[in-house]
Ligand SMILES: *Cc1c(COP(=O)(O)O)cnc(C)c1O
C-alpha cells in the first residue's frame, strides 16, 4: 500500500483507500479550479449554497467600483454612461438576463431580471391565468414552497373570480390535469426532499390538457442545466441568491416563452417596463420582449453583484456541472449509508439521478439539534421543519473531500448524541 504524502489532508476515520479514491475524483474534476473564485471561511464545509450561495471573490471589487466610481463619481450619468458598450445602468437588467438565459435554456429576450422570486411569481401566474380565462384552478404540489402557495392564494382572492388553489401530492399532478385547471405551478426541485420533477414530461402532459405551466427554478438555476425551451415551458421564475450566488436578496428572474410574449400581460406595468421610459408618456406601452416585466428602477447595487457573480459560470460547461453535482451527491449518499444503519436517519432524496436536484436530505427525529451541532463543527447545512436535515452541494466550490469531511462531521455529531 502506498503511504500518503505529507500534503495530503489528514482525515482521521477515513480509510486510506477511500481517501485515495476521493482524491482521484477531485484530481479529475474539470471544475476544481472554480473553488478559487469564491470566498469561503477557513475550516468550514458550506453545504447551504441552496439557501444562500457563497460570495464570488470578484464581487467586492465590482461593488467598490460601482460605489466609488459610478455612484460616487459619475453619479446620475451612470444610467447612460458606457451605453455604447452596454455598460450603462439602464442595460444592467438586460445584461444580467442574458447571462441567466444561458443557464436556464432560454433566449435572452425571454428573460427579465429584477424584484424577488415571490413578486415575479405573482407576475407570471397572473399572466398565465389571463391567458386561460375560462378556467379557475391553479394546480400545485401540496408541499410547494410557502411563498408559492401564498402568492397563488392571494392572487386568486384578488381576482375575485372564484379561483381555487388546488394542492395535490406532486406525484399525482399528471392525473389531476382536469379541464378546470388553468395553470400548474410547480417547483422543479422540492426544497425539502431535493426531488426533481420531470419538467418536459409534466409540461407535455399539461399542454395536452390545455394547462399552462409555471415553474419555480429556485433550486435549479445554477445547480444544473435547465432546458426551458426544450421542455416547452410557458413561464418560470427563479432566485438570484441561491445557486447563482448573487448575494442576500439578489434580484430574481422571470421567463416568459417567446410565443406568449405578445399576449402575456405584465400584471405590474411600471415605467421601467415601458418601451421608452424617458419619453414619460402618459399611457403604458410595453417594452419589447421580457424587459416589460422589469417594473421599477433597477436595483443597481444588487444587480451589479449578481452580474459579476454570474461571470463565474462563463467558462463552465453545464454538462460538467451536472456530472459533478451527481458525483458529489452520490458520494455523500454512499458514505452516509452506514450511518443510516446505526442511527435513525432516513434518506428522502431519490437515488435515481433523473429525479435528483443538487441537494441531499434526511429525516432525523432530532434534526434541529443535529444541525445545530453540525454547524458548531463548521459543517453548515440547514434544518427544515419538521425533521429534515438538508445538505446542498455546489459543483463550483465543493470537492469530494469536502463531502467526506461533512460525513465525518455527521458521524461525530450522531455518535456524540447517542
Ligand atoms: C428560496 C425560494 C423562494 C424565494 O422567494 P423570495 O421571494 O426570494 O423570498 C421562492 N420559491 C422557492 C421554491 C424557493 O426555494
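The values are calculated or read from the model by the stated rules, or taken from the named source; none is laboratory data. Because the structure is predicted, anything quoted here is derived from the model rather than measured. Because the Cβ atoms are built from the backbone with ideal geometry, glycine has one as well, and the counts that use them run over all protein chains shown.
General remarks:
- In segment 108-131, residue surrounded by the fewest Cβ atoms within 10 Å (Cβ to Cβ) [restricted to those that are more than 15 Å from residue 292 (Cα to Cα) and more than 15 Å from the ligand (Cβ to nearest atom)]: 130
- Long-range neighbours under 9 Å by Cβ, at least six apart or interchain, first residue on the phi > 0 side of the Ramachandran plot within segment 138-164, second more than 10 Å from the ligand (Cβ to nearest atom): 162/136; 162/156
- Filtering segment 223-249 to residues that are crowded, with 24+ Cβ neighbours inside 10 Å and either on the phi > 0 side of the Ramachandran plot or within 12 Å of the ligand (Cβ to nearest atom) (or both) leaves 223, 236, 237, 238, 239, 240, 241, 242, 243, 244, 245, 246.
- Residue that is farthest from the ligand (Cβ to nearest atom) [pool: residues in segment 208-217 that are over 30 Å from residue 55 (Cβ atoms) and part of a strand (DSSP E or B)]: 212
- Qualifying residue in segment 89-101 (condition: within 14 Å of the ligand (Cβ to nearest atom) and either over 24 Å from residue 261 (Cβ atoms) or over 24 Å from the mean Cα position of the chain (by Cα) (or both)): no
- Considered as a group, the residues in segment 315-351 that are touching a strand residue (DSSP E or B) at 6+ places or on another chain (Cβ under 9 Å) and not in a helix (DSSP H, G or I) include one that is farthest from residue 225 (Cα to Cα), and that residue is 344.
- Boolean, residue 362 is free of Cβ contacts under 8 Å to residues at least 60 places away in the same chain, farther than 25 Å from residue 216 by Cβ and in contact with a strand residue (DSSP E or B) (Cβ under 7 Å, 6 or more places away or on another chain): no
- Conditions (1) farther than 21 Å from residue 350 by Cβ; (2) within 12 Å of the ligand (Cβ to nearest atom); number of the one not met by residue 220: (1)
- Number of positions in segment 250-275 that are within 14 Å of the ligand (Cβ to nearest atom) and not in a strand (DSSP E or B): 3
- Unmet requirement for residue 193, which otherwise passes all of (1) more than 11 Å from the ligand (Cβ to nearest atom); (2) within 19 Å of residue 142 (Cβ to Cβ); (3) not in a loop (DSSP other than H, G, I, E, B): (3)
- Selection within segment 140-170 - more than 16 Å from the ligand (Cβ to nearest atom) and either part of a helix (DSSP H, G or I) or touching a strand residue (DSSP E or B) at 6+ places or on another chain (Cβ under 8 Å) (or both): 156, 157, 158, 159, 163, 164, 166, 168, 169
- Residue check for residue 170: within 25 Å of the chain's Cα centre (by Cα), modelled with pLDDT under 95 and within 15 Å of residue 142 (Cα to Cα): yes
- Residue 254 being in contact (Cβ under 8 Å) with a residue 60 or more places away in the chain and either under 22 Å from residue 212 (Cβ atoms) or more than 26 Å from the chain's Cα centre (by Cα) (or both): yes
- Scanning segment 77-115 for residues that are in contact with a strand residue (DSSP E or B) (Cβ under 9 Å, 6 or more places away or on another chain), over 13 Å from residue 304 (Cα atoms) and in a loop (DSSP other than H, G, I, E, B) returns 106, 115.
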